[in-house]
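A short worksheet on the structure shown next.
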Amino acid sequence: MAGKVIIFDTTLRDGEQAPGASMNTEEKIRIAQRLVRLNVDVIEAGFPIASPDDWSAVNAIARRVKGPVIAGLARANEKDINSAGKALKPARRRRIHTFIATSEIHLKYKLEMSREDVLAMAVKAVKRARRFTDDVEFSPEDAARTERDYLCRVVEAVIKAGAKTVNIPDTVGYSIPGEFGEIIAEVMNCVPNVDKAVISVHCHNDLGLATANSLAAVISGARQVECTINGMGERAGNASLEEVVMSLRTRRDLFKCTCGVKTAEIYKTSKLVSDITGWDIPRNKAVVGANAFAHEAGIHQHGMIKERTTYEIMTPQSVGWPESRLVLGKHSGRHAVKKRLEALGIKLNREDLNKAFERFKELADKKKEVFDEDLEVIAISEVRHRLRTYQLVYLHAVGGRRTVPTATVRLKVKGIEKQEAACGDGPVDAAYNAVDRISGIKPLLEEYKLKAITRGRDALGEVYVSVRIGNVRLIGRGSSTDIIEASLLAYLDAMNQYQAEGVNRGRKKRDSM
Ligand code: KIV
Ligand code: ZN
C-alpha cells in the first residue's frame, strides 16, 4: 500500500503529560516553531480545557505558529469542545481531536456507561466539533483493548458524523505488533466508509513496542502516526517520532510510504526538547542517543573505515548530527568557537558570544579538550543567564567528614551585592540555604540531577534542578567544573526564571484524563 504517512506530533500534549515534563507557553512556542522546521504535518498543541495555562498555550500556538495543522484535544463533551474550538480559532488550519474510551474496562469502571451511550456521545462530539472546523479527529480511547466489532461500529459512526481522521490508540501500550497490525487491517477491511477518513495510530510504550506497533499499523494501511520527540509521554512514553520517521525512510523498500519530515532537523529538535524539559536522552536511544553513531569495537571501526554501510544503516548527517566531533582547545580562537557553535545550530549575539568565549577559555585552561557538548552547555547557559536578577559573585563552601558543611555566598541582586553564610546537610544544601537567606524565598527542591557532560575527571558538570515556589514549578540548569558552583548556578537559574516570569504563572498539572 503506497502513500504518504501523516506525521502528527503530540510532544506538546501527550509528551507534556509525562510526569515532570511540563513546559511554559514560551517554551511550547519554541518547540512548535522547531516542529515547523522539522516539517511535521500536525502539531497537537495541548488540551485546552485542562488548565488556563494549557488554553493560553494552545491559543498562542494557534496565533503564532504557521504551516502545520494545529490540533487541540477535547473529551467528548460540549465544554471541552467549545474550549478547544475557541483556543484554536486563530489558526489557519485547525483540528479538534475529540475522544472517549470504548474498551469494556473503561466503560465499566471509568465511564460507567453502556456501549450505546458511548457511541451516541462520540457521534454527538464529532458533530459538535464540526461546528468549529471541518478537520475533526476522533479517538476511541483504549481501542487496542476494545471488542473489535464494537470498535468497527464506532469508527463507522464517527466517520458518518464527519470525522476526517479516526485514530486507533493503544492507550496502555498493551498490544504487540502482529496483533495491532491485525486490528488496523480489520478496521480497514470491515468499516464500509473507511475510505472517507484517514486511519491513524497512537501507541504507548509500556512494553517497549510503541514504534514497532505503529509501523505494523502502517503496513496494514494506517496513514497517520501520532508520535513525540524523544518518545516522551505518559508513563513509558509514546512512539518516538525519530524512530518512526527513520524507519519509514530507511526501510522505504518495505513500507513503500513517504512522509514530509525533514530528517536533517531531527537532532536539533530532539536536543531542544531535551534542553527545555530537562529530560536526558539515554546514550543508547535509537537515532538521537549519543552512541547512535559511535563505533567502539575494533572490528566495527575496521569495517567502517573500509565501507560505512557495513555498520551504519543511516548516516549521522541524515538526522542532522554535527558532521565531525572536532575538538577545540585552549589555542582555539573566537572565530573557531563561533564557527563550531554555528555548525551545532547555535547563533549567539555579540555579547553572548563574548561571554561564551570567556567561559570557553576558562574551561579550556582547565581541560585539555573542549567537546561539542561542553560548548553547547556554555552557550545555552550564557543566554539563559543574560537576564538574571541573582548573579553569583562569590562562593566558598566547605564539606567533608566530621565537619559542619557551611557555605558563604555573595550575590548581586539587581545590582546590589548581598552576602550570607549558612550551614546545611552538605555543601550544596548549605549554599542553597545561604541563597534562601539572601532572597527571602524558600523554594522546595523537588529534583536534583548531576551529570558529567563529557569524559574525564576534568569534565564539565551539569546540574539540573526542579524547584517549586508556591504552585510554580521551575527548572534550572548550571554548569561548571566545580559541582558545588554548578549546583548553585542551577538553583539561581530557576530563581531567576521565577523573577523573570512573575509569580502568577500557575502550572497546574492536568487532572482530567
Ligand atoms: O493514549 C491515548 O489514548 C490518548 C488519546 C487521547 C488519543 O492520548
Ligand atoms: Zn496517549
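The values are calculated or read from the model by the stated rules, or taken from the named source; none is laboratory data. From a predicted model like this one, the values you see are computed outputs, not experimental measurements. Cβ coordinates were reconstructed from backbone atoms using ideal geometry, including for glycine residues, and neighbour counts include every protein chain displayed.
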Worksheet item: Going through region 231-257 one residue at a time, which ones are touching a residue at least 60 places away in the same chain (Cβ under 8 Å) and within 16 Å of ligand 2 (Cβ to nearest atom)?
Response: Met232, Gly233, Glu234, Arg235, Ala236, Gly237, Asn238, Leu241, Val244
Discussion item. Suppose we filter Glu182, Glu243, Glu226, Glu234 for residues that are more than 18 Å from His97 (Cβ to Cβ), in contact with a strand residue (DSSP E or B) (Cβ under 9 Å, 6 or more places away or on another chain) and of a type in the set (D, E, K, R); which single one remains?
Written reply: Glu243
Worksheet item: Leu248 fails exactly one of the following numbered conditions: (1) hydrophobic (A, V, I, L, M, F, W, C); (2) within 16 Å of ligand 1 (Cβ to nearest atom); (3) assigned to a helix (DSSP H, G or I). What is the number of that condition?
Response: (2)
Worksheet item: Considering only residues of region 1-48 that are of a type in the set (A, V, I, L, M, F, W, C), within 16 Å of ligand 2 (Cβ to nearest atom) and surrounded by fewer than 23 Cβ atoms within 10 Å (Cβ to Cβ), which is farthest from the chain's Cα centre (by Cα)?
Response: Ala18
Item to complete: Among residues belonging to region 203-214 that are touching a strand residue (DSSP E or B) at 6+ places or on another chain (Cβ under 8 Å) and in a helix (DSSP H, G or I), point out the one that is farthest from ligand 1 (Cβ to nearest atom).
Response: Thr211
Discussion item. From the list Ala459, Ala452, Ala407, exactly one residue is at pLDDT 95 or above and of a type outside the set (Ser, Thr, Tyr). Which is it?
Written reply: Ala407
Worksheet item: Of (1) more than 15 Å from ligand 2 (Cβ to nearest atom); (2) at pLDDT 95 or above; (3) charged (D, E, K, R), Asp53 satisfies all except one. Which?
Response: (2)
Response to the item:
Going through region 9-18 in order, the residues found to be modelled with pLDDT of 95 or more, out of contact with any Ser or Thr (no Cβ under 8 Å at 6 or more places or on another chain) and within 12 Å of ligand 1 (Cβ to nearest atom) are Arg13
Worksheet item: Are any of the residues in region 297-307 modelled with pLDDT under 85 and either closer than 26 Å to Gly231 by Cβ or surrounded by 18 or more Cβ atoms within 10 Å (Cβ to Cβ) (or both)?
Response: yes
Discussion item. For the structure I just gave you, tell me whether Val225 is within 25 Å of Leu272 (Cβ to Cβ), modelled with pLDDT of 95 or more, away from ligand 1 (no atom under 16 Å from the Cβ) and among the β-branched types (Val, Ile, Thr).
Written reply: no
Fill in: Given (1) more than 16 Å from ligand 2 (Cβ to nearest atom); (2) of a type outside the set (Lys, Arg); (3) part of a helix (DSSP H, G or I); (4) within 25 Å of Val467 (Cα to Cα), number of the condition Asp280 does not satisfy
(3)
Worksheet entry | Meets criteria (assigned by TED's automatic domain parsing to the domain that holds Ala143 and within 12 Å of ligand 1 (Cβ to nearest atom)) for Cys257 | no
Discussion item. With the structure loaded, tell me whether Arg283 is modelled with pLDDT of 95 or more and not aliphatic (A, V, I, L, M) or whether it fails that test.
Written reply: no
Worksheet, complete the sentence: Per the filter on region 81-106, residues more than 16 Å from ligand 2 (Cβ to nearest atom) and in contact with a helix residue (DSSP H, G or I) (Cβ under 6 Å, 6 or more places away or on another chain) are Ile81, Ser83, Ala84, Ala87, Leu88, Pro90, Ala91, Arg94, Ile96
Worksheet entry | Of all residues making up region 15-61, the number that are in contact with a helix residue (DSSP H, G or I) (Cβ under 8 Å, 6 or more places away or on another chain) and farther than 25 Å from Gln497 by Cα | 7
Fill in: The lone exception for Ala216 - which of (1) under 21 Å from the mean Cα position of the chain (by Cα); (2) surrounded by 24 or more Cβ atoms within 10 Å (Cβ to Cβ) it fails
(1)
Worksheet item: Here are some residues: Ala62, Ala71. Which one is away from ligand 2 (no atom under 16 Å from the Cβ) and among the aliphatic types (A, V, I, L, M)?
Response: Ala62
Item to complete: Only residues that are in a helix (DSSP H, G or I) and either modelled with pLDDT under 80 or surrounded by 15 or more Cβ atoms within 10 Å (Cβ to Cβ) (or both): list them for region 346-360, please.
Response: Asp352, Leu353, Lys355, Ala356, Phe357, Arg359, Phe360
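Residue by residue, here is whether (1) free of Cβ contacts under 8 Å to residues at least 60 places away in the same chain; (2) away from ligand 1 (no atom under 16 Å from the Cβ); (3) small (Gly, Ala, Ser) holds:
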site	(1), (2), (3)
Ile7	no, no, no
Ala21	no, no, yes
Leu38	no, yes, no
Ile43	yes, no, no
Ile49	no, no, no
Ile61	yes, yes, no
